[in-house]
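Visitor: I'd like to ask you about the structure that follows.
The values are calculated or read from the model by the stated rules, or taken from the named source; none is laboratory data. Computed from a prediction, not measured in an experiment: that's the story for all the values here. Here the Cβ positions follow ideal geometry from the backbone for every residue, glycine too, while neighbour counts run over all protein chains shown.
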Amino acid sequence: MILRLLAPLCGVVIAACGGASTANNPDTATAPYPAGLSDQTLTVAGVTRQYRVHVPAAIAANPAVAPKGVVVALHGGGGIGPDVATLGAHPLSVFRTVADREGFVVVYPIGLPAADGAPGWNDCRGDDRITSAADDVGFLATLLDRFRDQYRLPAARLFLTGTSNGAMMTHAFAITYPTRVGAVAASAGNLAEQPRSGPCAAGPLTPVPIMILHGTADTQMPYEGGCVANIGGACNRGRVISAEATRDRWLAANGLTVVTPTVVTIDSSAADAGPARRFDYAGPAPMRWWQLEGAGHTVPSRTVLIAPNALTGIQNRDVEFAEIAWAFFASRLP
């Protein structure tokens, strides 16, 4: 989430956040990771970056067998940062449970502090006056290369996902390096209205299998487009296009503008504001678009339940984001 709502950001010793081990790997492509959650570092262009990695016990015990894939999950900006990996603290932590069952590795990179002191990502917004100037696209490219080499995986088995600022970072990476991942999934993140120059301004142009979710009552990443998390009215986090315009840009990039989607409605919870509607656009680079009726900014979940508030709105509880994201990714496995 964009706002610091669930817990304060962990301090320098991030192993204290959720009981992760602190077996930091050297900057090589050969060091194994222990079972469970551990804290790691990677130096990119002279800057030491942090990430957390969860390895199922069965994978750690048998390094000769490659995991099904690697899922890189990006936290939102100004939220709980690395604690999204802590079981029960955030819906993104559910990827760990799914990974243990399905046999893949989950990576939780940590963004550098923005002007507000909270970790975030330097995505495609050219008018964001809060974010750091970090080369986060370069960091993620290097991180994905590391896991590709460590686990001897093709790019088709590397997947990127995120929420809010992390979702916008997912878009930015997919636009810049569309062939470096097998598929991406974004929750509550739109494309920039005033993108930075370069790939962000030109794209998306190259097809990338993509899943997008957005709540129709999201005001922090406004469904209809506008200022991001516009607390105080300064619009200093930049502006985005609407959720539907974002969908349409990717439909065009993926060659799906004339495809009629199949539609599935899921309404399994009476505790949220409305159903989840899934629109499947079939093609070589498919799109799965979820419209969450009446939902706010919080990542949808059936198990990690976040109480509604005036800023984030009501959480959709009809679907589990980690489950539906992995189902989409698994459908792309070679």
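Visitor: Any residue in segment 158-176 that is touching a Pro at 6+ places or on another chain (Cβ under 8 Å) and free of Cβ contacts under 8 Å to residues at least 40 places away in the same chain?
Guide: yes
Visitor: For residue 185, state whether it is in contact (Cβ under 8 Å) with a residue 24 or more places away in the chain and over 25 Å from residue 146 (Cα atoms).
Guide: Numbers: in contact (Cβ under 8 Å) with a residue 24 or more places away in the chain: yes; over 25 Å from residue 146 (Cα atoms): no.
Against the criterion (in contact (Cβ under 8 Å) with a residue 24 or more places away in the chain and over 25 Å from residue 146 (Cα atoms)), residue 185 does not qualify.
Visitor: Now for a separate question. Among what's in segment 177-233 and is β-branched (Val, Ile, Thr) and farther than 23 Å from residue 324 by Cα, pick the residue that is farthest from the chain's Cα centre (by Cα).
Guide: 231
Visitor: A further question follows. Taking residue 192, is it more than 15 Å from residue 74 (Cα to Cα), without any contact (Cβ under 8 Å) to a residue 24 or more places away in the chain and among the small types (Gly, Ala, Ser)?
Guide: Spelling it out, it is not the case that residue 192 is more than 15 Å from residue 74 (Cα to Cα), without any contact (Cβ under 8 Å) to a residue 24 or more places away in the chain and among the small types (Gly, Ala, Ser).
Visitor: Return the pairs, sorted by first residue and then second, in which the second residue is at pLDDT below 95 and not in a loop (DSSP other than H, G, I, E, B), the first residue lies in segment 271-296 and is closer than 29 Å to residue 255 by Cα and of a type in the set (Ser, Thr, Tyr), the beta carbons are less than 9 Å apart, and the residues are 6+ apart or on different chains.
Guide: From residues that are closer than 29 Å to residue 255 by Cα and of a type in the set (Ser, Thr, Tyr), there are no pairs.
Visitor: Filter segment 86-109 down to the residues that are of a type in the set (A, V, I, L, M) and either part of a helix (DSSP H, G or I) or surrounded by 23 or more Cβ atoms within 10 Å (Cβ to Cβ) (or both) and list them by number.
Guide: Listed by number, the residues that qualify are 92, 94, 98, 99, 105, 106, 107.
Visitor: Next up: For segment 307-323, enumerate the residues that are surrounded by fewer than 21 Cβ atoms within 10 Å (Cβ to Cβ) and either touching a Leu at 6+ places or on another chain (Cβ under 6 Å) or of a type in the set (A, V, I, L, M, F, W, C) (or both).
Guide: 307, 310, 311
Visitor: Among the strands (runs of 3 or more DSSP E) contained in segment 198-317, which hold 3 or more residues that are closer than 30 Å to residue 87 by Cα, modelled with pLDDT of 95 or more and among the β-branched types (Val, Ile, Thr)? Give the derivation first.
Guide: Numbers: elements: 210-215, 262-266, 276-281, 287-292.
Of the strands (runs of 3 or more DSSP E) lying wholly inside segment 198-317, those with at least 3 residues that are closer than 30 Å to residue 87 by Cα, modelled with pLDDT of 95 or more and among the β-branched types (Val, Ile, Thr) span 262-266.
Visitor: Next question. Does residue 226 meet the test of being under 27 Å from residue 175 (Cβ atoms), surrounded by 15 or more Cβ atoms within 10 Å (Cβ to Cβ), free of Cβ contacts under 8 Å to residues at least 40 places away in the same chain and in contact with a Cys (Cβ under 9 Å, 6 or more places away or on another chain)?
Guide: Yes; evaluated as a whole, the condition is true for this residue.
Visitor: Of the conditions (1) part of a loop (DSSP other than H, G, I, E, B); (2) at pLDDT 95 or above; (3) touching an Asp or Glu at 6+ places or on another chain (Cβ under 9 Å), residue 153 fails just one. Which one is it?
Guide: Here residue 153 clears every test but (3).
Visitor: Being within 17 Å of residue 188 (Cβ to Cβ) and either out of contact with any helix residue (DSSP H, G or I) (no Cβ under 6 Å at 6 or more places or on another chain) or loosely packed, with under 15 Cβ neighbours inside 10 Å (or both) narrows it down to one of 240, 258, 263, 304, so name that one.
Guide: Values: 258 fails: within 17 Å of residue 188 (Cβ to Cβ); 263 fails: within 17 Å of residue 188 (Cβ to Cβ); 304 fails: either out of contact with any helix residue (DSSP H, G or I) (no Cβ under 6 Å at 6 or more places or on another chain) or loosely packed, with under 15 Cβ neighbours inside 10 Å (or both).
Testing whether each residue is within 17 Å of residue 188 (Cβ to Cβ) and either out of contact with any helix residue (DSSP H, G or I) (no Cβ under 6 Å at 6 or more places or on another chain) or loosely packed, with under 15 Cβ neighbours inside 10 Å (or both) leaves just 240.
Visitor: Restricting segment 160-176 to residues that are β-branched (Val, Ile, Thr) and assigned to a strand (DSSP E or B), which is nearest to the chain's Cα centre (by Cα)? Give the derivation first.
Guide: Here is the first cut: in segment 160-176, the residues β-branched (Val, Ile, Thr) are 161, 163, 170, 175-176.
Keeping just the survivors that are assigned to a strand (DSSP E or B) gives 161, 163.
Details: 161: 3, 163: 5 Å.
Going through the qualifying residues, I end up with 161.
Visitor: Sticking with this one: Quick check on residue 54: is it in contact with a Gly (Cβ under 7 Å, 6 or more places away or on another chain), of a type outside the set (Val, Ile, Thr) and under 24 Å from residue 35 (Cα atoms)?
Guide: Working: in contact with a Gly (Cβ under 7 Å, 6 or more places away or on another chain): yes; of a type outside the set (Val, Ile, Thr): yes; under 24 Å from residue 35 (Cα atoms): yes.
So residue 54 passes the test.
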